[in-house]
1. Select from region A:139-168 the residues that are over 18 Å from A:Tyr323 (Cα atoms) and within 12 Å of chain B (Cβ to nearest Cβ) and list them in ascending order.
2. Could we say that A:Phe203 is more than 10 Å from chain B (Cβ to nearest Cβ), within 18 Å of the chain's Cα centre (by Cα) and among the aromatic types (Phe, Trp, Tyr) here?
3. What tally of residues in region B:28-73 results from selecting those that are part of a helix (DSSP H, G or I) and polar (S, T, N, Q)?
4. Residues that are under 20 Å from A:Leu222 (Cα atoms) and either over 15 Å from the mean Cα position of the chain (by Cα) or at the interface with chain A (Cβ under 8 Å from one of its Cβ atoms) (or both): which strands (runs of 3 or more DSSP E) entirely in region B:98-196 hold 3 or more of them?
5. Select from region A:339-353 the residues that are touching a Ser or Thr at 6+ places or on another chain (Cβ under 9 Å) and in contact (Cβ under 8 Å) with a residue 24 or more places away in the chain and list them in ascending order.
6. If we scan region A:84-94, do we find a residue that is under 22 Å from the mean Cα position of the chain (by Cα) and hydrophobic (A, V, I, L, M, F, W, C)?
7. Hand me the list of helices (runs of 4 or more DSSP H) wholly inside region A:10-102 holding 3 or more residues that are outside the structural domain of A:Val148 (by TED's automatic domain parsing).
8. I'd like the full set of residues that are surrounded by 19 or more Cβ atoms within 10 Å (Cβ to Cβ) and on the phi < 0 side of the Ramachandran plot, limited to region B:39-50.
Amino acid sequence: MSEHSQRAGGFVADQPRMHWHDQAVWFVRNKRDIARSFVPEWEELRSLASQIKAHTLSRLPDYLEEFERNAAAAGARVHWARDAAEHNRIVHGLLRERGVTRLVKSKSMLTEECHLNEHLEAHGVEVVDTDLGERIVQFRREPPSHIVMPAIHLKKEEIGELFHEKLGTPAGLSDPTQLTEAARGHMREKFLAAQAGLTGVNFAVASTGGVVVCTNEGNADLGTSLPPIHIACMGVEKMVPSPEALAVFLRLLARSATGQPITTYTSHFQGPRPGAEMHIVIVDNGRSRILAREEYRNSLKCIRCAACMNTCPVYRRSGGHSYGVTVAGPIGSVLAPHIDPKKHAGLPFASTLCGSCTDVCPVRIDLHHQLLAWRGELAARGLVPLHKRIVSRVGAWVLARTWAYRIFGKLLRVLGPRIPNPWTRQRELPPMPRESFRAQWKKRVRPR
Amino acid sequence: MSARDDILRALRAAAPAPAPLPDLARLKAVQYPDLRERFAKSVVEVGGRCVLVDGTLEDALRAIPEYASARKVVSLLPGVGRANVDLASVSDPHDLQDVDFCVLPAELGVAENGACWIVQHGGPNRSGAFLTQHLAVVVRADALVHNLHEAYARVTVPSPGFAMWLSGPSKTADIEQALVIGAHGARSCTVLVTPT
């Protein structure tokens, strides 16, 4: 059994909780549908977004150089990191040189991917994740289970208990408004005490050298308007050519993510505040390898809205932690095998290939096709478990021969229900028909 | 070789065949019959309040309960609001942590999402706009546009500088999807639309 299946097994064992999670995530998918219905040109926007990203990826080095020039002209310093380790070294170096031991961070999936927090903490830097959901999972010492709603797997009572322990809220308090208020007070202190602020980047605009960060809470803005140092970390794929192109993505992002027409704060940072410093760290970490693979390069168009997770029947019922990677769900399952095909070989199978992810993706990534391509590639590389390979081989052989198909059909109708089958652990097999379809067809269409 | 050159070289080697940039000017984006009405609705939908000002701006501000009770007030609109903080004399952005109310002028308002384009925010002391407990944003009725495409055709971010779309008050739904207004930033956001 794959690691994903094992972990998902633990998640589905608690049936009421699984259904609760399923409904909570589906609720967000519904909000996306409503938001989308107010934009008549939605499908055209998706196509434009996909084409802009295709264009940008085809000229990515040029746009990165243009961005670097303009960012530098605005007073930002641009750093480059080949991989996670180099990224972590650069960020830590910047903090060490300036004697920073207290850092506030707004949401950045890239730094999760690079395990920056662990690296900085090992060097004595206090890192405070300031997005409420991120702070909750940071208190629990666990990764986010969802890239937009990091604590979607937790119930308010569990968060109440956590805050009671960590923030001293009254025992038994589980009202989201009061819990948020407690976090607000706690985080204000952290913002005011911070010596540096780190943010992710939603979009980097080549023609202006600016980076755009979207939040609802305002944590990125507090984290960058108080301390004198702003570090923005971005993957190479965050590039868009111009503000005009940016408009297309901003119209799609929040609607796809949470059903909002736009996030509360959409902040455009073009260089540092007067008297402060701004550093931009541009990270490859395997992205150039994905770009080189024609069948998978579309995955670099992703704007991390999480719509594919919210709609995925497997994600909704197995939870983000079952994937064992920073980015879960369909997009995570096509990205992760690039990093470690052996370790993540199970993920492209964590899908029914229903295609709903592809249908909702705001940049039209062909997600379910990529999942299928991975399955083929992993099998060809011998990374699929033996039983799966045998079943597929036998299946292919049988389906190619009419006589074998008939014999196997007969055998399965009799023996099928008796073969031990993990699929039937949570499901019932429908009763087997007594006759084959072919036999039934003959009787009905040409009655004698 | 430097990391920069390594990365750019790897990306060049991996680059797909050139793909054209689509013509964005051809997009027919959503338009509303009544701009002001749609904008006001959008502001409410994102958790804000929208007031169409017909008297003086001062009266409209005074009608906001949080303004009436505010002790420390910052105004980026010269001569508007009973501001008692002179931003020019603030040397440390941390000094604005006890701001109760902040008045921000917006260059533009977008009907489709209730967002206001904020360029005047206090520069080195823009922390006031985020630390404040409550916000009012002032936008002229003739500065409303239908959608973000029109908006970006009319705005620029100063370089170096900072600008933002602000759409409603600070909010979060990170605890069981329950919407809570007032996460880290402003607990309320009132948008005042002034006549042309």
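The values are calculated or read from the model by the stated rules, or taken from the named source; none is laboratory data. Since the structure is predicted, the reported quantities are computational estimates derived from the model, not experimental observations. Methodologically, a virtual Cβ is constructed for each residue, glycine included, from the backbone with ideal geometry; neighbour enumeration extends over all protein chains shown.
1. If the condition is that a residue be over 18 Å from A:Tyr323 (Cα atoms) and within 12 Å of chain B (Cβ to nearest Cβ), then A:Lys155, A:Lys156, A:Glu157, A:Glu158, A:Ile159, A:Gly160, A:Leu162, A:Phe163 are the ones that fit.
2. Working: more than 10 Å from chain B (Cβ to nearest Cβ): yes; within 18 Å of the chain's Cα centre (by Cα): yes; among the aromatic types (Phe, Trp, Tyr): yes.
Considered against the rule, which asks whether it is more than 10 Å from chain B (Cβ to nearest Cβ), within 18 Å of the chain's Cα centre (by Cα) and among the aromatic types (Phe, Trp, Tyr), A:Phe203 comes out as yes.
3. Initial filter on region B:28-73 (part of a helix (DSSP H, G or I)): B:35-45, B:57-62, B:65-68.
Add one more test, that the residue is polar (S, T, N, Q), and what stays is B:42.
Summing the residues that are part of a helix (DSSP H, G or I) and polar (S, T, N, Q) in region B:28-73 gives 1.
4. Working: elements: B:101-105, B:108-110, B:116-118, B:134-140, B:161-166, B:188-194.
Counting at least 3 such residues, we get B:161-166.
5. Taking region A:339-353 first, the residues touching a Ser or Thr at 6+ places or on another chain (Cβ under 9 Å) are A:344-351.
Within region A:339-353, A:Ala345, A:Gly346, A:Leu347, A:Pro348, A:Phe349, A:Ala350, A:Ser351 qualify.
6. First, pick out the residues of region A:84-94 that are under 22 Å from the mean Cα position of the chain (by Cα): A:84-85, A:87-88.
With hydrophobic (A, V, I, L, M, F, W, C) added as a condition, the list becomes A:84-85.
Within region A:84-94 (the criterion being under 22 Å from the mean Cα position of the chain (by Cα) and hydrophobic (A, V, I, L, M, F, W, C)), the answer is yes, since at least one residue qualifies.
7. On the way: elements: A:15-37, A:42-58, A:60-73, A:84-97.
Correct list: A:15-37.
8. Just the residues of region B:39-50 that are surrounded by 19 or more Cβ atoms within 10 Å (Cβ to Cβ), to begin with: B:39-40, B:42-43, B:46-48, B:50.
Within region B:39-50, B:Phe39, B:Ala40, B:Ser42, B:Val43, B:Val46, B:Gly48, B:Cys50 qualify.
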